[in-house]
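The values are calculated or read from the model by the stated rules, or taken from the named source; none is laboratory data. Computed from a prediction, not measured in an experiment: that's the story for all the values here. Because the Cβ atoms are built from the backbone with ideal geometry, glycine has one as well, and the counts that use them run over all protein chains shown. Heavy atoms of the whole protein, side chains included, go into the accessibility calculation; ligands, DNA and RNA do not. Shrake-Rupley method; radii C 1.70, N 1.55, O 1.52, S 1.80 Å.
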Amino acid sequence: MKKKDFVTLIMSTVGGILFALGMCMALLPEWGAMTQGIVIGVIGAVILLAMVLVRRKMDGKPAIVFNGKAIGTTLLGVFGAIVLGVGMCMTMMWEMMIPGIIVGIIGIIALLCLIPVIRGLQ
């Protein structure tokens, strides 16, 4: 395993666990740890963002690239993730099962559209 892959593995695992734990702490009222959960979730998100910058640096690439394709794919990814999350909230929190499933499927389709956008059609 290359050094950059190992560093990415460790940082993404730690960041993902902290982010997920923070979200659970913040969103489960039984735990009563909203403030602490937000802090831990933000720390996890910062580690995940730092992991992207570290990985790009280890690959010899610039940290951030601004071009039309990168911005478009980012917006499509954010849109897909938000729509998928709204669909999950509709099914689990708001008791709107069928509309929530439909909205979630639309979010999944938007995220799947990222594959040909990023890799290109061959």
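Per-structure values
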| read-out | value |
| --- | --- |
| Segment 58-102: number of residues that are open to solvent by 70 Å² or more (accessible area, probe 1.4 Å), farther than 18 Å from residue 116 by Cα and part of a helix (DSSP H, G or I) | 8 |
| Segment 17-42, residues that are in contact (Cβ under 8 Å) with a residue 24 or more places away in the chain and surrounded by 15 or more Cβ atoms within 10 Å (Cβ to Cβ) | 18, 19 |
| Residues being in a helix (DSSP H, G or I) and free of Cβ contacts under 8 Å to residues at least 24 places away in the same chain - total across segment 113-122 | 3 |
